[in-house]
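Report on the following structure.
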Amino acid sequence: MGKKFYVTTAIAYPNSRPHLGHALEIVQADVVARFHKLLGKDVFFQTGTDEHGTKNWETAQKEGKEITWFLNENVAVFKKLYKQLNISYDYFIRTTDKKIHHPGAIKLWKELVKSGDIYKKKYKGLYCVGCETFKTEKELEDGKCPNHPKLDIKHVEEENYFFKLSKYSKEVMQKIKSDEYKVIPKERKNEILSFLKDAKDISFSRPKTSLPWGITVPGDDDQVMYVWCDALSNYITGVGYGRDDKQFNQIWPADVHIIGKDILRFHAAFWPAMLLSAKVPLPKQLFTHGFILTKGAKMSKSSGNVIEPFEQIERYGADRFRFYIIGTMPLDSDGDYSEELLVERTNSEIVSNLANYIYRTCSFLNKNFDGKVISARDDAFTKPLEKKFAEAIKQYEDYDFRKAVNTVLAISAEGNKYFQDKEPWSLIKKDKEKAHQVLSLCTNLAKNIIILLKPILPVYTANIEKQLNLKDLSFKDLNFDLKNHTIGKAEIFYKKIEPIKLQAEESAFSKLNLKVAEIKEIKDHPSADKLYILKVDIGEERQLVAGLKGHYSKDELKGKKLVVVTNLQHAKLRGEKSEGMLLAAAAGEKVGILFVDKSKPGENVLVEGAKPNNEQITFNEFMDVKLEAKSGKAYFEGKPLKTSSEIVHVDKKIEGKIR
């Protein structure tokens, strides 16, 4: 076995579906794991889910689901995403696992107590449910958490246990400054050093009266562990802490934690301080990535700019998605996700550059030399490329994946240029032996390119490896020594994708921003016999006024998930504000609402090729969009309305116009 390498991701919070940020982080970690395996290391890759805490408990209660059933359902969705992305994790930890996780979390708490670093006091604070953490006034913007501006900050007063972070702040600073615990990139290193200058002790538990869902504090049945000792400890509990000392000592310390910048202080201040208190070695590195944006804006359900990873993978395939999301993310800042750019980069970089070079080389060798590779040298061509191989490896090691991608693309471009300059189609008529050498050298380079791409494009590289009649290639095979070898038949694995274009009818639909809305409350309009006033959840609470009285009873509507136009100008109907309009089909006196079953409140409702519009529209602009109901489903110009998981249905199978 090679030298061990232990990589982790932050454990995801499964109170809702995974988003693009989860996909980015898990792919980055997978690239790191695959890269170090190619170096011959014994890699252990852990990911998982953080299943205690307020958000999970409250969301399960809100949806009327038993908590463990709710969690099992959502965790399965994360595992499905990771499977579709070809993630090569070794262990998926769940913090509700009483056999694997709880013993280590409890041991860690007791070690902190033994060090004299846990104490109890009454506390008043500002609590963000989204972050699952207390905030100071200066951390808020206009009284809101900058990461969760749609959530109200809670004023909490309770008795909690606290951890003495202040006791360890200087020692943690020293270890980060010296790179004993290396924080990457430098921007995040400077940020955490600034925070540690004035680090205060942190709340470490919650009373069960506030949070009945968590690991009970040892020796105090009235308190549960707060997220720090529970969730952060997963990195050590998953590899044996508290239950298997031999396994733990073989794998820990982690070689790298991979996290998002919004949880930097938890991993670069709280976590190392806890480990110092418990006398556990620190992890070696903390790689902190930025946010994935759309058109420079942070994604949120309320703004309608959320991009669903499942939809992207289904549309473009896992490899193309991985290639784009890895190649677009800068090391030290946020990245922007654009379907248009994904298509453009797929066509120009994967198809026209990489795949074109490999297919041309292999097919020409098949056609003219029966796929046989012979010995060939051309130091003027290969020596500069070998330096680029080393550059790409160093860029992978430094977590600068975008640069690594660009380096491999440059290598492939050199291969294309060499092939073009040597003109083997002409050379074969003048000097067949020289043409054979050129193509053999090009085949060697094709082998090297797929080795360098293995961490990012596992499916494509496996196909090419098989096509080359090779297997288990690793970085020790980065050379031009392949000879006396016969490759298989060349195949085309990638073709260009049609550029994204919205047709005229799709552009009309794209005036709309339709979302799933769950009815939470319903009452009669005080001044109108045919109107209801509805409180709905579309990812945020809104009030609608709807003319459904006489068609539906309150009991028939409560809890239903309907479709609402969210970007319609707000209006007052008989004195009551209406912040949107629910959609229904009408045929004569009959009315049937548009509804869904599986989708969650706030999900976008679209037709293929369209995107939600965040601009406000008038009622007349809405009337220009021709929606119709047919055979129990909702359509726009023959295309079904759907969420990421299901087609929109029309109640009572009413057929006619939708309004």
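Readers should treat all values here as calculations from the given coordinates under stated rules, not as data from a laboratory. Computed from a prediction, not measured in an experiment: that's the story for all the values here. Cβ atoms come from the backbone with ideal geometry, glycine included; neighbour counts cover every protein chain shown.
Computed from the C-alpha gyration tensor, the three semi-axes of the ellipsoid equivalent to region 231-354 are 36, 18, 13 Å, from longest to shortest. Neighbour counts of other Cβ atoms within 10 Å put His102, His570, His485, His257 in the fewest-to-most order His570, His485, His102, His257. Between (1) 338; (2) 172; (3) 161, which matches volume of the Cα convex hull per residue in Å³ calculated for the structure shown? Here volume of the Cα convex hull per residue in Å³ agrees with entry (2). Shown is the FRET efficiency for Asp179 and Asp220, computed with R0 = 41 Å from the Cβ-Cβ distance and rounded to the nearest 0.05: 0.60. Annotation for Lys633 and Ala76: the two label points, set 7 Å from Cα along the Cα-Cβ direction, are 2.4 nm apart. Please identify the GluC sites (Glu not before Pro) of region 543-640 that satisfy two criteria: DSSP loop assignment and at most 13 other Cβ atoms within 10 Å. Which are they? Those satisfying the criteria are Glu589, Glu608, Glu615.
For the chain, DSSP calls about 75 percent of its internal beta bridges antiparallel. Take every DSSP beta bridge whose two residues both sit in region 235-336; close to 25 percent of them are antiparallel. For region 333-486, the mean projected area of the C-alpha convex hull, equal to one quarter of the hull surface, is 9.5 nm². Kindly put Ser338, Ser426, Ser233 in sequence by how many other C-beta atoms sit within 10 Å of each C-beta, fewest to most. The fewest-first ordering by Cβ neighbours comes to Ser426, Ser338, Ser233. Students often forget the sequence filter, so: which aspartates and glutamates lie under 17 Å Cα-Cα from Lys429 once same-chain residues fewer than 8 apart are removed? Cross-link targets: Asp370, Asp421. Within region 70-106, the trypsin sites (Lys or Arg not before Pro) that combine a DSSP coil assignment with at most 12 other C-beta atoms in a 10 angstrom radius are Lys98, Lys99. Computed across region 539-659, the Kirkwood radius stands at 14.9 Å (inverse of mean 1/r, all Cα pairs).
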